[in-house]
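Engineer: Take this structure, written in structure tokens, and hold onto it; I'll ask about it next.
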Amino acid sequence: MSSPQSYIGKPLSDLPTPSLILSKPTIERNIAQLHQDVKNLGIAFRPHVKTLKSLEVTRLMLGNGLHRKLVASTLAEIEGALPLVKEGVLDECLYSMPIYPSVLPRLATLTQSVRIALMLDNEAHIDLLENFASTANITKPWPIFIKIDVGTRRAGIDNSSSALPGLVKRVEASSAVEMEGFYCHAGHSYGCRTEESVVSVLKDEFEGAIAAAKHLSSERKVVLSIGSTPTAHVVKELKESLPSNLELELHAGNFPCHDLQQLMTGVISPTAQSVRVLAEVCSIYPERNEALINAGTIALSKETSDIPGYGRVTDRPQWAVVRTSQEHGILGLSGSPALERLGVEGGKVDEGERAETQFKIGDRVLLWVQHACIAASAYGSYFVVDGDGVVSDVWVPWKGW
């Protein structure tokens, strides 16, 4: 088997299938846009290592040291990013999962290399950290963020919860922790379909964080870390109403990539999608007007959006991956009004179009993906292409937890 690096300098059409293809110019353009937005707003930025979990894209998201903090959902991401500490471009990693007992020894070890901030949303987390400090002889307090649930119904304490004031007071009183700020993630913004609705979600997130901060016993400076990739594009709406004791920080993770789910929020264009999957046609079925490709659930994921299917052929978006099993994907015609966002007029397809005339066995097809974060997790290497579709680099992602 050829090594991934042996494809550098070759056209993407020569790559093995399925492969994950990254457009470097698009990634760089997406990152530059968000960095410029943050600069114009005069706020802090903390990228989330969650999609393309690699050293190269993390360095780009940090602006090579322009921004010096990140948030990570796994310890593998933090450990993978440690070379950036040695390069002098990374100072702090926020572990985004509310803490649990087995993670603390590894996090404590990581503090020898980089500042580690923790997330919590329950008073029992304070007990855990106080007990760990005692048994592990830790004297320095952990910087912490209290996670606020602003509607995603995932992690976080609701800002209307009767337990929130007590949690804030407990944090302020404990010697095991030091209050860094409040963290919100409006993941449900992915369900928005217009810029106006994204602004509405961001306002709810912003107001929820401010309400939580009112439980502090003093007016000292703390950070409000808000955002998701859709809301990041409209954060300018809110900065002027920020109380003077609160510092605004934006976090986002998917923004170098974008995907069909992001496209449906109405705040990006199709050309902002930097991730594609290269698949190969394995067979044609004229009697049912379908074709078989070698990219199924594992290569694409089972997530969808208002654009139906598990992927869309980039140059023929009327053809979707309409069904999948583990390694098999079925291409079929699939219309939807939402296809207008991919340039299909009226969202309608020509039902007379035939798979046997559109595809032949051995054809390579490029697919837009529904959720880049999930799709990327299946691949052991990412093929990075330039504007001409030639492989210029191979990025190796951090795997596991």
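Engineer: Going through segment 103-127 one residue at a time, which ones are more than 16 Å from Thr74 (Cα to Cα), out of contact with any strand residue (DSSP E or B) (no Cβ under 8 Å at 6 or more places or on another chain) and outside any helix (DSSP H, G or I)?
Structural biologist: Within segment 103-127, Gln112, Ser113 qualify.
Engineer: In segment 9-81, which strands (runs of 3 or more DSSP E) lie fully inside it and hold 3 or more residues that are within 30 Å of Ile99 (Cα to Cα)?
Structural biologist: 44-49, 69-72
Engineer: Scanning for something within 16 Å of the chain's Cα centre (by Cα) and buried (at least 18 other Cβ atoms within 10 Å of the Cβ), does segment 96-108 turn up at least one residue? It would help to see each step written out before you state the result.
Structural biologist: First, the residues of segment 96-108 that are within 16 Å of the chain's Cα centre (by Cα): 96-97.
This time we only want the ones that are buried (at least 18 other Cβ atoms within 10 Å of the Cβ), so: 96.
Scanning segment 96-108, I find at least one residue that is within 16 Å of the chain's Cα centre (by Cα) and buried (at least 18 other Cβ atoms within 10 Å of the Cβ), so the answer is yes.
Engineer: Give the residues of segment 62-95 that are among the acidic types (Asp, Glu), farther than 21 Å from Tyr183 by Cα and over 20 Å from the mean Cα position of the chain (by Cα), sorted by residue number.
Structural biologist: Quick first cut of segment 62-95, residues among the acidic types (Asp, Glu) only: 77, 79, 87, 91-92.
Filter once more, keeping what is farther than 21 Å from Tyr183 by Cα: 79, 87.
Once the filter is applied, which keeps residues that are among the acidic types (Asp, Glu), farther than 21 Å from Tyr183 by Cα and over 20 Å from the mean Cα position of the chain (by Cα), segment 62-95 yields only Glu87.
Engineer: Also, quick follow-up: Which members of segment 128-164 meet the condition of being open to solvent by 30 Å² or more (accessible area, probe 1.4 Å), touching a strand residue (DSSP E or B) at 6+ places or on another chain (Cβ under 8 Å) and over 18 Å from Leu94 (Cβ atoms)?
Structural biologist: Asp158, Asn159, Ala163
Engineer: Please give the number of the condition Ile293 fails out of (1) more than 26 Å from the chain's Cα centre (by Cα); (2) surrounded by fewer than 24 Cβ atoms within 10 Å (Cβ to Cβ); (3) among the β-branched types (Val, Ile, Thr).
Structural biologist: (2)
Engineer: Pairs please, first residue from segment 16-45 and under 25 Å from Asp386 (Cβ atoms), second anywhere and of a type in the set (Asp, Glu), Cβ atoms under 6 Å, 6+ apart in sequence or on different chains.
Structural biologist: Thr17/Glu280
Engineer: Something else about it: Exactly one of (1) within 23 Å of His371 (Cα to Cα); (2) out of contact with any His (no Cβ under 9 Å at 6 or more places or on another chain); (3) modelled with pLDDT of 95 or more is unmet by Leu70. Its number?
Structural biologist: The failed condition is (2).
Engineer: Of the residues Lys50, Lys10, which is in contact with a helix residue (DSSP H, G or I) (Cβ under 8 Å, 6 or more places away or on another chain) and either touching a residue at least 24 places away in the same chain (Cβ under 8 Å) or open to solvent by less than 30 Å² (accessible area, probe 1.4 Å) (or both)?
Structural biologist: Exactly one residue qualifies, and that residue is Lys50.
Engineer: May I pose another question? So for segment 292-299 (the condition being in a strand (DSSP E or B) and not hydroxyl-bearing (Ser, Thr, Tyr)), does at least one residue qualify? Can you show your working first?
Structural biologist: Here is the first cut: in segment 292-299, the residues in a strand (DSSP E or B) are 292-293.
The next check asks that each one be not hydroxyl-bearing (Ser, Thr, Tyr); those that pass are 292-293.
The answer is yes; a qualifying residue exists.
Engineer: Starting from residues that are modelled with pLDDT of 95 or more and touching a Pro at 6+ places or on another chain (Cβ under 9 Å), keep the ones in segment 23-47 and report whichever is surrounded by the most Cβ atoms within 10 Å (Cβ to Cβ).
Structural biologist: Here the answer is Pro47.
Engineer: Could you tell me whether segment 326-345 includes any residue that is basic (Lys, Arg) and within 24 Å of the chain's Cα centre (by Cα)?
Structural biologist: Yes.
The values are calculated or read from the model by the stated rules, or taken from the named source; none is laboratory data. Keep in mind the model is a prediction, meaning the values are calculated, not measured. Every residue, glycine among them, receives a Cβ derived from its backbone with ideal geometry; neighbour counts consider all protein chains shown. Heavy atoms of the whole protein, side chains included, go into the accessibility calculation; ligands, DNA and RNA do not. Shrake-Rupley method; radii C 1.70, N 1.55, O 1.52, S 1.80 Å.
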